[in-house]
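The values are calculated or read from the model by the stated rules, or taken from the named source; none is laboratory data. A quick note: this is a predicted structure, and the numbers were derived from the prediction, not measured. Quick reminder, even Gly has a Cβ in these numbers, built from the backbone with ideal geometry, and neighbours come from all protein chains shown. Please note that ligands, DNA and RNA were not included when accessible areas were found on the heavy atoms of the full protein model with its side chains. Shrake-Rupley method; radii C 1.70, N 1.55, O 1.52, S 1.80 Å.
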Amino acid sequence: MLVRWSKAVTHISKIGYQSNLKLMNDVFAGKRHSYAKVAAAAAPTIEDKGPVVNLDKMFWSKPCSLALPQDSPVRVDEPNYEGVKRFILRLMMFYSKQSKSIRGANVVYRRIVSQVDKPPIYEVFNLEKTFKTTFSLLVLHMWLCLRRLKQDGKEGVEFGQHLYEIYNHDVELRVSKAGVNLLLTKWMKDLEKIFYGNIVAYDTAMLPEAKQGDLSNVIWKNIFSDDGTSTPDAAALHSVQAMARYARLEAICLSLTDKEAILSGNFMFTPLKQENISAKGSQ
């Protein structure tokens, strides 16, 4: 039985922020070579990242709703069956609140995977595509969605549980596909601890009393750093700061996105490919 994500986050928050950062450092630093081996099997390095984008000019746009328009070709609407088929599906609880919520959560997770698995996010932020970076980006976008779902009270929390279970199953498949089978249970426990630790760290960095550079430092430690250092090095600074702006922008945009769009999955994260093009054009 999976731990409910909301309860687990509350429990980890009580343990303390610093201890959770230490947990993340210990797991990532202690398994750095293991992650490298998994990355080699699961996700090859992007060798040609194309022209370098002007990161300093990115993610300054005015926040807006991420909801898809009604005529969008990528919308996913509930099937509207009629007659006998609809009657049978009703008997099978296809139209129950829980079934609709699970279908919506699947769509939301596909939106996350679409943003994380495609090359633009690695090209824009100058990241090597490895198991660690892909997993860390999955967690970042899961946090963005779970954070937004809290706005919808109990319904949002229940939806978040479905989303977490879908994410957890996907991560297990990714780890298994990478060839980690003998220690799969241990890996999943370690990755679960990292997930909850990251969620707490991101939430803490977004508090009103947080310092200006806190989110950048957390993103550096969770996504970019290989040695557990607490602040970005000079080479990665622009990429880290750009991702922090991206995360803040997405968080605000999601807060402006209506409940129907969120729970049906009919929204899209900021298209990094377009950001990439516009940034190149401004150089």
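Provide the solvent-accessible area of residue 169, counting protein heavy atoms only and rolling a 1.4 Å probe, rounded to the nearest 10 Å². Surface accessible to solvent at residue 169 totals approximately 110 Å².
Is the shape of segment 123-181 best called rounded, prolate or oblate, per the rule: a/c under 1.5 gives rounded, else a/b larger than b/c gives prolate, else oblate, with a ≥ b ≥ c the square roots of the Cα gyration tensor eigenvalues? Please list the in-between numbers first.
Working: a/c = 5.16, a/b = 1.51, b/c = 3.41.
Note, shape of segment 123-181 comes out oblate.
Subtracting the Cα-Cα distance of residue 82 and residue 230 from 0.36 nm times their residue separation leaves 47.5 nm of extension gain.
Using alpha carbons only, what's the Rg to Rh ratio of segment 137-283 with Rh from Kirkwood? Across segment 137-283, the Cα-based Rg/Rh ratio is 0.98. Would you grab the residues whose amide H sits under 5 Å from the one on residue 67? Only those 5+ places off in sequence or on another chain, please, with H modelled 1.01 Å from N. Under 5 Å from the amide H of residue 67: 258.
Rolling a 1.4 Å probe over the protein heavy atoms gives segment 113-223 an accessible area of 39 Å² per residue.
Taking 0.36 nm per residue of separation and subtracting the Cα-Cα distance, full extension of the segment from residue 60 to residue 150 would add 29.9 nm. Measuring between alpha carbons in the structure, the pairs from 177/273; 186/211; 57/132; 62/177; 129/193; 150/193 lying more than 31 angstrom apart are 186/211; 62/177.
Note on residue 192 and residue 113: their simple-model spin labels are 2.1 nm apart, each label 7 Å out from Cα toward Cβ.
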